[in-house]
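Reading through the structure tokens given below for one structure.
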Amino acid sequence: MSTLAIAILAAGQSTRMKSRHSKMLHPLAGRPLITYPLRLAEALNPAHLLLVLGHLAREIQAVLGPTYRYVLQDPQLGTGHAVQQVRPLLEGRCDELLVLYGDTPLLRLETVQEMLRRHRETGATVTLLSAVLADPRGYGRVIRDGYGRVQAVVEEADAGPEERAVPEVSSGILLFQAGWLWQHLAQLPLSPRGEYYLPALIGQAVSEGATVLAHPAPDPEEILGINDRVQLAQAEAILRRRIAERAMRNGVTLVDPSSTYIDDTVELGQDTVIRPNTHLLGQTRIGEECTIGPNCILVDTTVGARCRILASVLEGAILEDEVDVGPFAHLRRGAYLCRGVHIGNFGEIKNARLGPGVKMGHFAYIGDAEIGEETNIGAGTITCNYDTRRRKNRTRVGRRVFIGSDTMLVAPVEVGDEAVTGAGSVVTRDIPPRTIAYGVPARVRGTTESVER
């Protein structure tokens, strides 16, 4: 069994992105760009995986953390020079070296696995990943002889009319027999731009009579590299299409995939329906048989089974099963809705837990609070949780409480089980269980024993 090493080249300055930040960290369908080739490389289970960094290396390392082995390329003198930096760490430790790029996020695992299989089966010295493009402009052309054998890769600037007409192009992704590579790496010529280009080794291998393969990617979009924000948007559209297709094949209904935006990090349960203009972002998890949308934004939110969310924004919220939200609700970080909770139009919840069966029909704000099961929150209710000392205080409301419309709960305050507040009350003191309180400020006026709930 051959020992595989993978080097991911991610050292370039990416000037065409016109950004203060590394191109490798620009978001693509919910993940930094660099994570796509990294995940592919990890799936191949190599004996060694090295990430070659240069421009803004510390920024990339700060995001990816200490999990990976980093190699610094400074100065950046081309792809051949980048591979020279990994040689001291890999020479004598691997049989094959696969060179990937940090800005090529659309490559499928199956394509690389087949490329590896053919490389090993034929005993090739070098295998390159190619693609057949309707418009090959800007790429080096793969030149074959009459028997289909690779003879050269000719850069477009050096190509004649017949060579420019060739539709098969090189992606720059290369697989080498490592021993041959280390022997020839130092022989790379310096280009007119003052850099060492790894594809120049293809011509060297052909001149020696070595076997050079070009493995065409089954889908040309796989080799798309990201050089500017236009290409970043193109890759985003392709990835979102793939994500949508994967979701639908796994039992999720997307009413209009073209107007549905799902990050690569999102998980969706079977028989869930996603309606148009819905954005599912970050670490969002949605259970089975839910209906989400239209016009929803969910970020880092966990949704149980059989929930319904309509035209609402949820950020960092947790919903148990059979929760009903919206339209026009806003659940902020720390919102926890237990089973069967209903939040109607223009309700806002932040850092609060609503117990099973709580009903908050409309126009209310609950923040830094604990609401007991089967409590009803009337329209216009507000928890006044932020005091003049800039502290957040908590409100506690018991079970089966009836909070009247326009009640102000001035925290810290507690309302006991089965208590009632009258409309327009300003609650500044604790209300005992099974009592009725109203007024400004609210005072206990009686018990609930004689009141028909």
_Looking only at residues that are more than 21 Å from residue 93 (Cα to Cα) and in a loop (DSSP other than H, G, I, E, B) in region 35-55, which one is modelled with the lowest pLDDT?_
55
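Residue 84 - would you say it is in a helix (DSSP H, G or I), polar (S, T, N, Q) and more than 26 Å from residue 202 (Cβ to Cβ)? Walk me through it before giving the result.
On the way: in a helix (DSSP H, G or I): yes; polar (S, T, N, Q): yes; more than 26 Å from residue 202 (Cβ to Cβ): no.
Against the criterion (in a helix (DSSP H, G or I), polar (S, T, N, Q) and more than 26 Å from residue 202 (Cβ to Cβ)), residue 84 does not qualify.
Out of region 107-118, which residues are assigned to a loop (DSSP other than H, G, I, E, B) and buried (at least 23 other Cβ atoms within 10 Å of the Cβ)?
The initial filter retains those residues of region 107-118 that are assigned to a loop (DSSP other than H, G, I, E, B), namely 107-108.
Result: 107, single match.
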*Among (1) without any contact (Cβ under 8 Å) to a residue 24 or more places away in the chain; (2) in a strand (DSSP E or B), where does residue 234 come up short?*
(2)
_Meets criteria (modelled with pLDDT of 95 or more and crowded, with 18+ Cβ neighbours inside 10 Å) for residue 421_ = yes
*asked:* Being within 30 Å of residue 288 (Cβ to Cβ) and surrounded by 15 or more Cβ atoms within 10 Å (Cβ to Cβ) narrows it down to one residue among 247, 178, 217; which is it?
replied: 247
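Within region 291-306, identify whether any single residue is at pLDDT 95 or above, of a type in the set (Lys, Arg), within 25 Å of the chain's Cα centre (by Cα) and at negative phi, and answer yes or no. Quick ask: steps written out before the conclusion?
The first filter runs over region 291-306 and keeps only residues at pLDDT 95 or above, leaving 291-306.
Imposing the further condition that a residue be of a type in the set (Lys, Arg) reduces the set to 306.
Filter once more, keeping what is within 25 Å of the chain's Cα centre (by Cα): 306.
When the remaining residues are screened for being at negative phi, the result is none.
Scanning region 291-306 turns up no residue that is at pLDDT 95 or above, of a type in the set (Lys, Arg), within 25 Å of the chain's Cα centre (by Cα) and at negative phi.
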*Starting from region 258-283, keep only residues that are closer than 20 Å to residue 317 by Cα and aromatic (Phe, Trp, Tyr), then list their pairs with residues that are modelled with pLDDT of 95 or more and part of a strand (DSSP E or B) whose Cβ atoms are within a distance under 8 Å, requiring at least 6 positions of separation or different chains.*
261/278; 261/279; 261/280; 261/281
*Output the qualifying pairs, or none if there are none: Cβ atoms under 8 angstrom, residues six or more apart or on different chains, first residue in region 148-163 and within 22 Å of residue 191 (Cα to Cα), second residue in a helix (DSSP H, G or I) and of a type in the set (Asp, Glu).*
154/163
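Can you spot a residue in region 140-151 that is within 23 Å of the chain's Cα centre (by Cα) and assigned to a loop (DSSP other than H, G, I, E, B)? Show your work before the answer.
Taking region 140-151 first, the residues within 23 Å of the chain's Cα centre (by Cα) are none.
No, region 140-151 contains no residue that is within 23 Å of the chain's Cα centre (by Cα) and assigned to a loop (DSSP other than H, G, I, E, B).
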_Just to verify a result, which residue in region 390-446, among those that are part of a loop (DSSP other than H, G, I, E, B), more than 45 Å from the chain's Cα centre (by Cα) and among the basic types (Lys, Arg), is nearest to residue 351 (Cα to Cα)?_
429
*On the given criteria, is residue 127 under 38 Å from the mean Cα position of the chain (by Cα), in contact (Cβ under 8 Å) with a residue 40 or more places away in the chain and loosely packed, with under 14 Cβ neighbours inside 10 Å?*
no
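I need the full set of residues from region 186-223 which are part of a helix (DSSP H, G or I) and touching a residue at least 40 places away in the same chain (Cβ under 8 Å), in order please.
To start, the set of residues in region 186-223 that are part of a helix (DSSP H, G or I) comprises 200-207, 220-223.
Residues satisfying the conditions are 200, 201, 202, 203, 205, 206, 220, 221, 222, 223.
Kindly indicate whether any position in region 258-274 is out of contact with any strand residue (DSSP E or B) (no Cβ under 9 Å at 6 or more places or on another chain), in a helix (DSSP H, G or I) and of a type outside the set (A, V, I, L, M). Please lay out each step first, then the result.
If we filter region 258-274 for residues that are out of contact with any strand residue (DSSP E or B) (no Cβ under 9 Å at 6 or more places or on another chain), which is where we start, we get 258, 270.
Checking which are in a helix (DSSP H, G or I) leaves us with 258.
Add one more test, that the residue is of a type outside the set (A, V, I, L, M), and what stays is 258.
Yes, that holds for at least one residue.
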*Can you tell me which residues in region 43-80 are in contact with an Asp or Glu (Cβ under 7 Å, 6 or more places away or on another chain) and on the phi > 0 side of the Ramachandran plot?*
78
*May I ask you to list the residues in region 325-381 that are part of a loop (DSSP other than H, G, I, E, B), surrounded by fewer than 23 Cβ atoms within 10 Å (Cβ to Cβ) and on the phi < 0 side of the Ramachandran plot?*
327, 332, 333, 338, 339, 355, 356, 372, 373, 378, 379
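For (1) within 26 Å of residue 7 (Cβ to Cβ); (2) modelled with pLDDT of 95 or more; (3) touching a strand residue (DSSP E or B) at 6+ places or on another chain (Cβ under 7 Å); (4) in the same structural domain as residue 8 (by TED's automatic domain parsing), each residue gets a yes or a no:
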{"residue": "135", "(1), (2), (3), (4)": "no, no, no, yes"}
{"residue": "141", "(1), (2), (3), (4)": "yes, no, yes, yes"}
{"residue": "155", "(1), (2), (3), (4)": "yes, no, no, yes"}
{"residue": "172", "(1), (2), (3), (4)": "yes, no, yes, yes"}
{"residue": "175", "(1), (2), (3), (4)": "yes, yes, yes, yes"}
{"residue": "181", "(1), (2), (3), (4)": "yes, yes, yes, yes"}
{"residue": "187", "(1), (2), (3), (4)": "yes, no, no, yes"}
*Name every residue in region 5-56 that is touching a His at 6+ places or on another chain (Cβ under 8 Å), in contact (Cβ under 8 Å) with a residue 40 or more places away in the chain and among the aliphatic types (A, V, I, L, M), in order of residue number.*
5, 6, 11, 17, 33
*asked:* With the structure loaded, tell me whether residue 36 is in contact with a Gly (Cβ under 7 Å, 6 or more places away or on another chain) and within 22 Å of residue 171 (Cα to Cα) or whether it fails that test.
replied: no
*Taking residue 122 and the conditions (1) surrounded by 15 or more Cβ atoms within 10 Å (Cβ to Cβ); (2) touching a strand residue (DSSP E or B) at 6+ places or on another chain (Cβ under 9 Å), which numbered condition does it fall short on, given that it satisfies the others?*
(1)
_Among the numbered criteria (1) part of a loop (DSSP other than H, G, I, E, B); (2) in contact with a Phe, Trp or Tyr (Cβ under 9 Å, 6 or more places away or on another chain), which one does residue 322 miss?_
(2)
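The values are calculated or read from the model by the stated rules, or taken from the named source; none is laboratory data. None of these values were measured; they are calculated from a predicted model. Quick reminder, even Gly has a Cβ in these numbers, built from the backbone with ideal geometry, and neighbours come from all protein chains shown.
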